[in-house]
1. Please report the relative contact order for the chain, taking Cα pairs under 8 Å with a sequence separation of at least 6, and give it as a percent rounded to a whole number.
2. Report the local net charge at Ala115: Lys and Arg +1, Asp and Glu -1, summed over other residues whose C-beta lies under 14 Å from its C-beta.
3. Just to check, using Stokes-Einstein with a Kirkwood Rh over alpha carbon pairs, what's the diffusion coefficient of the stretch 1-47 at 4 °C and 1.567 mPa s in µm²/s?
4. To the nearest 500 deg cm²/dmol, what mean residue ellipticity at 222 nm is calculated for the chain from DSSP H runs of n ≥ 4 alone, each contributing -39,500 (n - 2.57), summed and divided by the residues?
5. If you line up the long axis of helix 84-99 against the longest principal axis of the chain, both from Cα atoms, how many degrees apart are they, to the nearest 10?
6. With a 4.7 Å Cβ cut-off, tell me which Cys residues in the chain come up empty for a partner.
7. Would you compute, for the Cα atoms of the stretch 7-152, the largest minus smallest coordinate along each principal axis and list the three values in descending order, in whole Å?
8. Which of the GluC sites (Glu not before Pro) found in the stretch 46-152 are in a DSSP loop and have at most 15 neighbouring Cβ atoms, other than their own, within 10 Å?
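Where a number appears in this text, it was derived from the coordinates with a stated rule and is not lab data. No experiment lies behind these values; they were computed from the predicted model shown. Reconstructed Cβ throughout: ideal geometry from the backbone, glycine too, with neighbour counts over all protein chains shown.
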Amino acid sequence: MGSDACTKACPEQALGIVNGKAYLVNPTVCIGHGACAATCPVEAITLVFGTERRGIDIPYVKPTFETNVSGIYIAGELGGMGLIRKATEQGCQAMEAIAGHRADGGRFDVVIVGAGPAGLSATLGAMAHQLRFVTLEQEESFGGTVYHYPPR
Ligand SMILES: Cc1cc2nc3c(=O)[nH]c(=O)nc-3n(C[C@H](O)[C@H](O)[C@H](O)COP(=O)(O)OP(=O)(O)OC[C@H]3O[C@@H](n4cnc5c(N)ncnc54)[C@H](O)[C@@H]3O)c2cc1C
């Protein structure tokens, strides 16, 4: 409808107005904040992983990557973003948001589940913000999927 709301809301400037309507003018910079869908006054935007025709549902997260369960954040592949760069950006940005809501008490400020690109990035963010954190990884290795890439 050309309200311009989504283009203004996108932190990465992935959207732009062309001939009075919003278009995905720079799709590769999108890291899935979902701010465009949240702000659209007519609910015209649907976030999918895959293609327009063959999309699958992805978890609904706020622009900070917090889910509808308060205090639980999702970053990276689990949220539908299948690239290393996007997973690391999301992990870092989620930790920025978590650092701003630091609660008193408890043993940890944050528990990071998984040491793939998203979890490692979140871990570095937690260190930078001097949060009390623990990173849990179910495997013996670090790096997540990257560690298991086929040789060459
Ligand atoms: C073969 C292949 C090639 C690829 N090539 C590229 C490429 O060239 N460029 C690119 O950008 N992307 C590539 N990708 C995609 C990229 O690897 C992923 O997008 C990226 O690894 C996602 O990072 P992540 O941290 O979100 O998840 P993951 O890498 O999947 O890491 C998640 C981690 O969480 C751990 N975990 C899960 N559940 C639990 C639990 N309950 N408790 C504790 N730990 C848990 C897992 O063991 C894992 O270590 C490729 C993927 C594959 C499979």
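1. On the way: 233 pairs, mean separation 20.7, N = 152.
Relative contact order for the chain comes out at 14 percent.
2. Values: positive: none; negative: Glu77, Glu137, Glu139, Glu140.
Charge balance in the 14 Å sphere: -4.
3. On the way: Rh = 10.4 Å.
D = 124 µm²/s.
4. Working: 4 runs with 38 residues, N = 152.
It comes out at -7000 deg cm²/dmol, rounded to the nearest 500.
5. Rounded to the nearest ten degrees, it is 80.
6. Cys with no partner Cβ under 4.7 Å: Cys10, Cys30, Cys40, Cys92.
7. Over the stretch 7-152, Cα extents along the principal axes are 52, 45, 23 Å.
8. Numbers: sites: Glu52, Glu66, Glu77, Glu89, Glu96, Glu137, Glu139, Glu140; in loops: Glu52, Glu137, Glu139, Glu140.
Counting only loop positions with at most 15 other Cβ atoms within 10 Å, the GluC sites (Glu not before Pro) in the stretch 46-152 are Glu52, Glu139, Glu140.
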